[in-house]
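Worksheet: the structure to be examined is printed underneath.
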Amino acid sequence: MDTQRTSFQRRQLLLGAAGAAALTSPLSVLAQGAEEIVIGGSIPLTGVFAFAGVGINAGMGDYVKMLNDAGGIKGRKVKYVPEDTGYKVDVSVAAFKKITSQNKVNLYYGDSTGFSKTINPELDRNGNILMAGASFATELNDPKKYPNQFLVGPDYTEMFGILLKHIAKEKPGAKVAFVYSDSEFGRDPIESSEAMAKQLGLSVPIKIMTPAGSVDVSTEVIKLRRAAPDYTIFHGYILAPIPEFITQGKQQGMTSKWMGTFWTMDSSTVMKMGDAADGFMGVMPYRYYYDTEKAPMLEKIRALRPEYQSTAYIQGFLAAMLFTESAKRCLDAGKPLTGPNLKAALNSIKDFDTGGLIGVPITISGNSIPVGRVYRADMKAQKMVAASDWIKL
């Protein structure tokens, strides 16, 4: 009986408070306060990119839950609405249309470069959405052409830039080979990175293009061995044919150091390379789940999920953090949540602390976050360990 009376009194107090607020606040403010902020997502939970999509989805969902548990954004809850796309552009476009027709969407996560480019005219027409996604395509890093989009890290050319800066510092005048897939993803940073290598005093004696996921690379390995690079950077692959190149190269007496870019660099992917991966290096915009340096947000993630979480998870988590930070800054400034306002709010981010997910404070002046660190595979420890400081471009 006492419990019932207490809950009734509490309810009366709450109702009284709400009534008082209604008398002193315009109805529009109350309506806005109750309105959810919606993040839509074209997420590849099945198909060839599912290994990343599952992590991205969990990361975004976890950050949204943390934020809502802490009260949301200025009294407004955040709602995350994902749809599986199977990593197909037409399915992703259909998912976008479905989610935006059923919800008032202000923030959206896209699953691919193809989708980001295809949906861009619709984002411009809609005018109310800020979008990020799984792509790090250099083309998207253009605020004039893609004014309502951003990349949750460095673009592919900037990733090469981070690796090349590390190489130039470690071995001035080094010879660097580029090995890349015959795909838009693979070709993306090659031409501009060759020019940057020369600016840094490095030479690129050979560039080798192979079909994505090719298995027989014996002819290419012979060409690579003849070029005798000090470093070989792979791009446009997830796993194959990287282990084949390294294993055969080592068998033929190559002493090259081997490197990769973001989508190759998840800990679980590198560990699948086996013995070939020992010493394998690459660029990573975020800290790994198991990094021991101070990172309060990683500690929260580890408390929430005691098992290893992929770099795709961290990318999804950070995307949700930056989305909602942009929305918060808009609301703090009393501005409506439109695409241009959200992007301007994102671009006001200066020396921002991500809770240690990125090891240095970040500034987002354009469409990318041009920061990263070189990590190296330690096969005894079964971990990626830092091989450089954080490098800003």
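Each reported figure results from applying straightforward, stated rules to the coordinates on display, with no laboratory input. Not measured: the values here are computed from a predicted model. Virtual Cβ from ideal backbone geometry, glycine too; neighbours counted across all protein chains shown.
Which FRET efficiency, nearest 0.05, do Lys98 and Lys65 yield, Cβ-Cβ r, R0 30 Å? Result of the calculation: an efficiency of 0.85.
The trypsin sites (Lys or Arg not before Pro) of the range 118-171 that DSSP puts in a loop, and whose beta carbon has at most 13 other beta carbons within 10 Å, are Lys144, Lys145.
Using a Gaussian network model of the chain in which every pair of alpha carbons under 10 angstrom is joined by a spring, one finds that among Ser368, Ser116, Ser183 the greatest mean-square fluctuation is at Ser183. Each Lys and Arg contributes +1 and each Asp and Glu -1, all at the Cβ; summed about the Cα centre of the range 98-176, the dipole is approximately 120 debye.
At a Cα cut-off below 15 Å, give the aspartates and glutamates reachable from Lys257, other chains included and same-chain residues fewer than 8 away excluded. Within reach: Glu170, Asp230, Glu244, Asp275, Asp278, Asp378.
Rounded to the nearest 0.05, the FRET efficiency derived from the C-beta distance between Ala227 and Ser192 at R0 = 22 Å is 0.60. The Rg/Rh ratio for the range 197-275, using Cα coordinates for both the radius of gyration and the Kirkwood hydrodynamic radius, is 0.95. Summarising the strand pairing of the chain, around 30 percent of its internal DSSP beta bridges are antiparallel.
Within a Cβ distance under 14 Å of Lys294, other residues only, what is the Lys/Arg minus Asp/Glu net charge? Could you put the intermediate results ahead of the total?
Working: positive: Arg287, Lys300, Arg302; negative: Asp291, Glu293, Glu299, Asp353.
Around Lys294, the surrounding residues sum to -1.
Based on the Cβ-Cβ distance of Asp278 and Glu307, what FRET efficiency does E = 1/(1 + (r/R0)^6) give at R0 = 30 Å, to the nearest 0.05? That gives a FRET efficiency of 0.80. Against the empirical curve 2.2 N^0.38 Å, the C-alpha radius of gyration of the chain lands at a ratio of 1.10. Between Asp389 and Lys77, the distance separating the two model label sites (each 7 Å from Cα on the Cα→Cβ line) works out to 4.6 nm. Using Cα positions and a limit of under 26 Å, work out the lysines in reach of Lys104, with same-chain residues fewer than 8 apart set aside. Reachable lysines: Lys65, Lys74, Lys77, Lys79, Lys88, Lys117, Lys144, Lys145, Lys328, Lys335, Lys343.
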